[in-house]
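Take a look at the structure set out below.
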Amino acid sequence: MIARNSQVEIIELLEEFPAVSILGPRQVGKTTLAEEIALSLSPEPIYLDLESPIDQAKLNDPEAYFELHKGKLIILDEIQRVPELFAVLRGVIDRRRRQGFRTAQFLILGSASLDLLKQSSESLAGRIAYKELTGLTALEVYSLSETNIDILWLRGGFPDSFLAQTDAASFRWRQNFISTYLERDIPQLGTRIPAVTLRRLWTMLAHHQGGQLNTAQLGASLGITIPTVKRYIELLEDLFLVRTILPWSGNVGKRLVKTPKVYIRDSGLTHALLNLTTQDDLLGHPIVGASWEGFVIENIIACLPQGLTFWFYRTSAGAEIDLVIEINNQERYAIEIKRSLSPTVSKGFYLGCEDIKATKRYVVYPGKESYPSAEGVKTISLVDLMKELQG
């Protein structure tokens, strides 16, 4: 079993807020994490799966049910299935506040961000804390074995995929995951999108991993309008399957690229969409560099302290930085990502660092050692950088 770093953080949030929401894609381990947290609490929490008709029936009169179990943490899984509960939760929490109950009342799990956050932010503002649960990270699996990093890159961070007995079994799991999302989960959200069209879009994004988002080109290839392309991509973002990264918008007096870059968040899903089963398949495919870049970026973002912002930087003159992390007004980290054991940095990276006044410069590569390079650049392993950022 791989320990999740999020457990302690969520327990701390439960000590501070009456409601805590764990958000993330399906099968990422939200329920397992909630069960592990429940084992550490007393009295034993109540768990309700809101996809189960039996558990939904228990909430025909939710206020009465919550009153019956007052004093116990109630875990509500897949709450986006019953969004009307948010208004009830607000009344219950406010009433209990007046009675002296202030913390650890509800642990809410959800697999869709937009609707869930909209509902909860309107109903539970000031009463709820959010924690996004990502897939397994490089830092989590590295503690068991150094070779796990390559396995994680190939298979992705979904626990069942990463822990599969073989690469072939992992690949089958991810193929089934993709089909289930397209054919069952997305339609259950009430969204009418042809599964074939959405799969083609998802696959096209995999082929263009880390590329700038060209909605006109995607729409022309799929035979749909630009607004429809945007809506489909927003849906994939809301389901934690795709991430768009905005370009740096600081005033540096340069002609900046304004189009966001788009990544499939889980590297294993990228490879499944491209039918890459083994490490040899991946290393021999043109996507290898972009796949490594997306994998590194997702791991870095997963370990960032709350409140930090991130961008990419590119100008029409050729200055380019893969990832910019803004710590505060005075500190900015510039990160270049290379899939080479002897990485070299382009002139464009140095120009970008000067433009944004980067205070630290890193090149992340697949090696194990970290060492200083020219012009203040530190060549560093992914795990070492994650440790630095967390520290």
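Rule-based calculations on the coordinates, nothing more; no lab input. Predicted model only: the values in this text are computed from it and were never measured. Because the Cβ atoms are built from the backbone with ideal geometry, glycine has one as well, and the counts that use them run over all protein chains shown.
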Report task. Would you mention how many residues in segment 20-65 are charged (D, E, K, R), within 23 Å of the chain's Cα centre (by Cα) and more than 23 Å from Phe177 (Cα to Cα)? Result -> 1
Report summary line: Within segment 243-272, the count of residues that are surrounded by fewer than 17 Cβ atoms within 10 Å (Cβ to Cβ) and either in a helix (DSSP H, G or I) or of a type in the set (Gly, Ala, Ser) (or both) comes to 3
Query - Filter result (among the aliphatic types (A, V, I, L, M), in a helix (DSSP H, G or I) and within 22 Å of Ala272 (Cα to Cα)) within segment 191-228 - result: Ala195, Val196, Leu198, Leu201, Met204, Leu205, Ala206, Leu218, Leu222
Requested in this report: Say whether the condition of being among the acidic types (Asp, Glu) and touching a residue at least 12 places away in the same chain (Cβ under 8 Å) is met by at least one residue in segment 279-288.
Outcome: no
Report task. Taking only segment 63-79 into account, find how many residues are buried (at least 18 other Cβ atoms within 10 Å of the Cβ) and of a type outside the set (A, V, I, L, M, F, W, C). Result -> 2
Requested in this report: Confirm whether Val82 is surrounded by 17 or more Cβ atoms within 10 Å (Cβ to Cβ) and more than 21 Å from Leu124 (Cβ to Cβ).
Outcome: no
**Report entry** Entirely in segment 273-365, the helices (runs of 4 or more DSSP H) that have 2 or more residues that are under 29 Å from Asn176 (Cβ atoms)
**Finding:** 279-283, 288-303
Query raised in the report: Checking Leu385 against (1) surrounded by fewer than 16 Cβ atoms within 10 Å (Cβ to Cβ); (2) touching a residue at least 24 places away in the same chain (Cβ under 8 Å), which test does it fail?
Result: (1)
Query raised in the report: Which one is surrounded by the most Cβ atoms within 10 Å (Cβ to Cβ), of the residues in segment 320-349 that are of a type in the set (Val, Ile, Thr) and closer than 14 Å to Glu293 by Cα?
Result: Ile321
Query raised in the report: Of all residues in segment 9-19, how many are under 21 Å from Cys303 (Cα atoms) and more than 19 Å from the chain's Cα centre (by Cα)?
Result: 4
